[in-house]
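Below you'll find the structure, written out as structure tokens, and then a few comments.
The values are calculated or read from the model by the stated rules, or taken from the named source; none is laboratory data. Given the structure is predicted, the values throughout are model-derived calculations rather than measurements. FYI the Cβ positions are ideal-geometry reconstructions off the backbone, even for glycines, and counts take in every protein chain you see. These accessible areas exclude ligands, DNA and RNA; they are computed on the full protein's heavy atoms, side chains included. Shrake-Rupley method; radii C 1.70, N 1.55, O 1.52, S 1.80 Å.
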Amino acid sequence: MWLKPEEVLLKNALKLWVTEKSNDYFVLQRRRGYGEDSGGLTGLLVGTLDTVLDSTAKVAPFRIIHQTPDSQVYWNIACGASLEEISQHWDWLQQNITRTLSVFDSGEDITSFVQGKIRGLIAEEGTSASDEEDPERFREAVLRFERLFGLPQREKLVTYFSCSYWRGRVPNQGWIYLSTNFLCFYSYMLGNEVKLVYPWDEVSRLERTSSVLLAESIRVCVRGEDHFFSMLLRLQQTYVIMQQLADYAIVRFFDKETFNAEHPLANPLHITQRALEIHARNQSFRAFFRLPQEENLCEVYESFLWVPLCHVNTLGKICVSENYLCFASQDGSQCHLIIPLWEVRILQIFLQTAKKSVIETALEKKKYRRLDCMCVFLSEDEEGVMVGQSQAVSTEALMNVFHPHDAENLDPKMLKERMKEQSWQIHFAEYGRGTGMFCTKKTRDLIVRGVPETLRGELWMLFSGAVHDMASHPGYYGRLLEECMGSSSLACDEIERDLHRSLPEHPAFQSDTGISALRRVLTAYAHRNPKIGYCQAMNILTSVLLLYAKEEEAFWLLVAVCERMLPDYFNRRIIGALVDQAVFEELIREHLTQLTEHMTDLSFFSSVSLSWFLTLFISVLPIESAVNVVDCFFYDGIKAILQLGLAVLDYNMDNLLCCHDDAEAVTVLNRFFDSVTNKDSPLPVTVQHASATANDKSIQKVDIGNLIKEAYEKYGDIRTEEVENMRKRNKLYVIQTLEDTTKQNVVSTKAVLYFNAAQLDELYMLFKRQHFVSCYWSVCSPALQNHDPSLPYLDQYQLDQSQFSSLFNLLQPWTTHTHARSLARSAFRLLDENGDGLVNFKEFICGLGKRTLTQEMLSLMNQNKVEDLQRREENIKDLPRINQVQFIGLTKTLYGVFHGDEEEESLYRAVARVTSLLLRMEEVGRKLQESSPQKMPQNTPTSTAQPETSPTLPTSPETETLTEGEGDQPDSPVSQQETAPSHSDITPTSTSRPSTPTSNTPSSPSAVRDGDWSFSFEQILASLLNEPSVVRLKYEYHKCFHLTKPISSLNIYHSHFGD
């Protein structure tokens, strides 16, 4: 392809190029190390340079350079992947350019003319060189990625970067490739090749670090081993993409409860760098402005916002989505604004441009939105109950019902409450009220001072973003109630159990009014989000919401908390709470160093603070104090809870340093929470929570307002972006820690006695890896859909038949013969006890870990009974007899087991002797039946004792043939002794199956057909136990089975791909 002319100072620098053709103006060159002289030291050096520098010559090893006779400067104008491609460019130059150049007098004119022609060719192709460069280089990178790592074409490369991988203090310069499911690295320097392939689902730590040796690097921890990558440019971009891919894999594979099937990145085949950037931008946009999940960021513009009364222009950015226009300041004023587009009535744009703005376009789409919203509002009756739906829904906050506001009360606390209300009314007058209100530093100051009782529900709805959810889903709550009320489910049973445990001291929940409202809200949410359903602590939080918000508003507040502000908190594994506890520990190390030095193990604070995060301090503080904490939470999010937690520990620092154990520390914290009061609370005594130390004057009281103010003063510099980054960084570690705990439970379980702890550890990792391999490129993998973290640890991961066959062939030693596939299929059906088409880990290791030779033979016989795949009790007497086809398969399986063994020849001979003996016994039995057909009743079985005790019978030609043929099918199958006499003649060389009455074996799909000879398990086992070499093999096999094929060395990815 033609290239934008680039200057080359030395034509043959370091002799890296070899001239193929040349004239006075152009030179066609080939990269040394490609083609005829690709071997040798020079080729090795050139290959190293191309890999390190990611030179275009690695993919396009031919080029054309332009030169003039009177100049030492050369210009690169074309490159090609093959000699044929570059020759086409060379011929064009010869025919169209070379003859014209002879008319120019100076070299500068020649060079200018050539450069102009080349740029014209590039322009004629319809794209500029800069636009073409990135796609072309990416296509080259994809080809290298597939060739270097042997991954299937379905594995999608997202991006790649130049970086150094550090082994100790030695850097390996190369390229890091980030794909949908794998982190890959390749380096080739002076013959030393470094190749890494790690799946994202095994990454437990991913963070930016710095050290004395490395100014800054990316640390990746995989299976307990640290890997460090450094780069000069785009370190942050690389880290963000790695973080997104790792988080995507973790959520998709491990945290299935929170994975949305309609996620924009749900299909791994559609993930690109652009898609990741858009998804991250939309997430940040929605999280910052607390907007519904359906909103996506359309445009961003830098702008100034005129703030009323302040009379200043605030620098920031306008963010436009489908339904909202938002502004966020960037000058430290902490000002932001949210305007629903359907509420905009007038828009004046003073721009001299013919192009319609994005805002105008969005407003045109929403011109009728305001009328649509007005049409769906339901009327209210005189009793304050919403009508138009079957369920009666209270439209009053419970606090207004059980503690109505008394305007004539002149109590000092009520006077302070009115002063707060006046302050907020002034704020509303200056900055607006409702969704279009300006939020500034003054707003936060009012929040810290405490929200008035009468405005609490309104402000909670506004700051949490629940007001936007409710506005965009009119009538949704009523429809949910109609669908779910009266239904029965596990979540409903759990809700009923906890209803009377929710703020039982408050009068509102001592009556049917409060209990019914709480039941309706929790049941509606469990119906809306069945992945979460109902979890403990939701009842406590919802009861507080119902005190200050209407019932439908409380529902949307619960939605905002569970799905947006506290993600992953309310599920069976409370992953979100564990992540925030890890963030809390990190902040303790950073801000409370004295406490960290005293208590080296900070996990104590994680266990103590769990209820703080789950209930927003409602479970540990009096209700009148806890609502102030909830005020701050709805405005600042989880940052407010972290700040308050640090303030609590800081306040009790001296007492905690004197504690000798965890019990003393718990006592200190409990006494502190009992001493917290709200001196400005206007609630009556009957509503307030009476602590155990309320009448103890020796205990110093702590006002919640002062505690919150101190938290903001000391730890207010913690930024929300910093907290979110900590969350992402610790989420990988928390989920992998839970997985490690699961693995340890498997290793330590007493239910599995076939392997030691080290073998179980490796087997579990291999089994889980095989489980994920099938899920990498499939959205609807049965194994992924059936993965349930709530199941017992031995049942969580499951394999389907194809996955099991791949893993079975990796581990079993008899998979070299032709029946390996059918053996794996039969073994899978044997182990699938419940018939769901999946095998869990417990079933897998039980089938893999047979200990005795009897169990091994039972397994082999069951695997070879292809016609009878029904699960049977492993009892020798219950096992059906094996017919001739199955007996031949069993013999071949035994030969497959012996293949590669040190005593292979003696084992072959032993099996041949056993086979010959069994056939001779059956032949003798047949002759006895044929010699006395009239003496034996038709349905009476003949004893097999005599032939079984006659090992010295003469060898027939047919059995000799079988002995020499190593298990091939014999030419003379004979009738079984236990069957009745045949009704047709049987010749020794006949392969027909004459019709005879059935034997005494139980009828089954694999019952022996008429005329077939068959063997019982006792016959085969007794014969094998007479061979010392077979018995020795049994013990050696179980002693060194896994050592002959170490599990850690099995590349399950290449075996799955067919590499």
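Beta carbons within 10 angstrom, averaged per residue: use that to sort the peptides 883-889, 221-227, highest first.
The densest-packed peptide leads the list: 883-889, 221-227.
Could you give me the ³J(HN,Hα) list for region 65-76, computed from phi with Karplus coefficients 6.51, -1.76, 1.60 and θ = phi - 60°, whole Hz, x at Gly and Pro?
10, 9, 9, 10, x, 9, 9, 9, 9, 10, 10, 7
So, R0 is 45 Å and r is the distance between the beta-carbons of TRP92 and GLN283; what FRET efficiency does that work out to, to 0.05?
The formula returns an efficiency of 0.35 here.
Can you give the FRET efficiency for LEU657 and GLN510, using 1/(1 + (r/R0)^6), R0 = 51 Å, r = Cβ-Cβ distance, to the nearest 0.05?
E between LEU657 and GLN510, to the nearest 0.05, is 0.75.
On the Cα set of region 573-666, report Rg and Dmax in Å, please.
So, for region 573-666, Rg and Dmax equal 13.1, 38 Å respectively.
Enumerate the amide H contacts of LYS21 below 5 Å, restricted to partners 5 or more residues apart or on another chain; note that Pro and chain-start residues carry no placed amide H.
LEU28
Just to confirm a number: summing +1 for Lys and Arg and -1 for Asp and Glu over residues other than PHE804 whose beta-carbon lies under 11 angstrom from that of PHE804, what do you get?
It works out to a net charge of -1.
Taking the simple approach of a point 7 Å from Cα along Cα-to-Cβ for both HIS311 and LEU610, what is their distance in nm?
The modelled label-to-label distance comes out at 5.7 nm.
Just the number, please: carbon plus sulfur as a percent of the accessible area of region 618-747, 1.4 Å probe, no ligands or DNA/RNA counted.
Its accessible area is 48 percent carbon and sulfur atoms.
How many nm is it between the label spots at VAL73 and ASP105, if each spot is 7 Å from the Cα in line with the beta carbon?
Between VAL73 and ASP105, the label points sit 2.1 nm apart.
For region 404-513, what class follows from the C-alpha gyration tensor (a ≥ b ≥ c being the square roots of its eigenvalues): rounded when a/c is under 1.5, otherwise prolate if a/b is larger than b/c, else oblate? Intermediate values should be presented prior to the final figure.
Working: a/c = 2.82, a/b = 1.51, b/c = 1.86.
Oblate shape, in that a/c is at least 1.5 and b/c is the bigger or equal ratio.
What's the magnitude of the charge dipole for region 566-718 around its Cα centre, counting Lys and Arg as +1 and Asp and Glu as -1 at the beta-carbon? Answer in Debye, nearest 20. Before the final figure, lay out the partial values.
Details: 10 positive and 22 negative charges, 88 e Å.
Rounded to the nearest 20 debye, it is 420 debye.
Tell me the relative contact order for region 463-534 as a rounded percent, counting alpha carbon contacts under 8 Å between residues six or more apart.
It rounds to 35 percent for region 463-534.
Please find the FRET efficiency linking ASP226 to ARG154, where r is the Cβ-Cβ separation and R0 is fixed at 41 Å, and quote it to the nearest 0.05.
0.85
With +1 on each Lys and Arg Cβ and -1 on each Asp and Glu Cβ, how big is the dipole of region 530-642 about its Cα centre, in debye rounded to the nearest 20? Working shown, then result.
Numbers: 7 positive and 14 negative charges, 68 e Å.
Taking the Cα centre of region 530-642 as origin, the dipole is about 320 debye.
How much net charge surrounds ASP445 when only other residues with a Cβ under 13 Å from its Cβ are counted (Lys, Arg +1; Asp, Glu -1)? Working shown, then result.
Details: positive: LYS420, LYS441, LYS442, ARG444, ARG449, LYS709; negative: ASP631, ASP636, GLU713.
Net of charged neighbours comes to +3.
When the convex hull of the C-alpha atoms of region 57-96 is computed, what volume per residue in Å³ does it have?
67 Å³
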